[in-house]
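What follows is a single structure, written as C-alpha cells, with notes after it.
Bear in mind that the values in this text are calculations on the coordinates, not laboratory data. Remember, it's a predicted structure, so these values are computed and weren't measured experimentally. Note: ideal-geometry Cβ built from the backbone for every residue, glycine included; neighbour counts use all protein chains shown.
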Amino acid sequence: MSDGKPQIEVIDLRPPLEGASSETPSTPTPGRLPPKDLTVEDLRPSSWAAQTGLYQHLEPASPAVPTDVMAVVERLAANPQVDVEKLERVITLLERIQAFQARAGFERAFAQMQPELPEISEKGQIVVKGQLRSTYAKLEDIQAAIKPVLTRYGFALRHCTEWPDKANVIRIVGILCHEQGHSERSVFEAPMDKSEYRTDIQSMGSTVSYGRRYTTIDLLNLTTRGQDNDGATAGRPGPPDGYLEWFPRLLGAADRGVTLLQAGWAEAPAAFKQYVVKYDKAQWDTAKTTARAVDDAGARSSEKKGTQA
C-alpha cells in the first residue's frame, strides 16, 4: 500500500554470484547488497563501485570517465536479468555521467590554464591609402602563443567555415575541445570583407581569418595590446608626461563618489584635460556615471538607516 510518498524502483543489474540461487538471499552476502537493502546513497557511482566494482571507472576522482562504455553495456547485456528497457536506461545514465564528468574536467583544466594564456601583441596593421586605420593581433601570432599552453592542459582548437542561407554571409565556427570529451563553440558571422584592393576570393579569406581570430579570442578570453576598434586610436599621439600615472588614479576616484572625482579633475593640468576629452572621453564618461551611482547608493543607504532609526 502506498503511504503517499514517491516510490523508487530499484533495478538490480548485478549478475548472480557463481553458485548462488537466483532468489534474493535472506542475509547479505559479503561485498554485495541485496536490492531491498539499497539506499539512494548506494546508487551513487562511488558507493556502488565500492560494493560491486561495476562502476569503478566512474569514480569522480578518476580522469578516465568511462573510456569504454561499450564494455560496460556488453557486460550488462550478457546478464539475462536485464531487459532492453532497463539496458537503455543504463546507457542513458552512463552517457549523462560521462557528459557531466567531461564538462567538469574541461572546466577544471580551463581554470588551471587561464593564468598561463599570454597577452598577444598587435603586430598587424590595417593601412588605407597610406594612413594607419587600426592594429590587430595576427592569427599566426595568436596560434604560436596559445598552442603550447593548450597542449599542456589537454585542449585543442579548430575552426570550420559554413555558408548559411544569407546573401554573402560567411559563418566561422571555433571549437575548443578537451581530451575528456567536452567542447565549447563560438560562432562568428559576417559578410565578405570587400575592398577595391582585393579580389572576391581574397575578401572571403580576409573574413575567414577575421572570424578565426575573434572566435579564438572569445573562446579563450584572450587579451591583446591595443584591441583594434575600427581605427578609433589611429593617429593618437603619446600622452603628456605623467598622464599615464594620473589618469588611472582619476578613474579610481570614481569609486568614492562625485566629489572626489570632480576635485581630481579640477586640479589636473590643462594638457591632461585636453587629452582626456580628445582621446579618452569614453572612459571619462564611464567614470562620471560610476561616481553618480556611488553617490546614489550612499544616499539610499542613509535614508534606509534614518528610517530604521
TODO: Between Val169 and Gln274, take the C-beta separation as r, use R0 = 45 Å, and let me know the FRET efficiency to the nearest 0.05.
DONE: 0.60
Task: Peptides ranked, highest mean first, by Cβ atoms within 10 Å: ranges 188-195, 74-81 - done: 188-195, 74-81
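How big is the dipole moment of segment 100-178 about its Cα centre under a simple scheme where the beta carbon of each Lys and Arg is +1, that of each Asp and Glu is -1, and everything else is neutral? Debye, nearest 20, please.
Using Cβ point charges on Lys, Arg, Asp and Glu, segment 100-178 gives about 120 debye.
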Task: Calculated from backbone phi, Karplus (6.51, -1.76, 1.60) coupling profile of segment 205-212 in Hz, x at Gly/Pro - done: x, 5, 5, 4, 4, 4, x, 5
Task: Surface/4 of the Cα convex hull for segment 243-308, nm² - done: 4.3
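Just to verify a number: FRET efficiency for Gln143 and Glu179, C-beta to C-beta distance, R0 = 22 Å, to 0.05?
Given R0 = 22 Å and the Cβ-Cβ separation, E is 0.70.
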Task: Percent RCO, i.e. relative contact order, over segment 135-225, from Cα pairs under 8 Å lying at least 6 residues apart - done: 26
TODO: Report Rg/Rh for segment 135-225, rounded to two decimals, where Rg is the Cα radius of gyration and Rh the Kirkwood radius.
DONE: 1.01
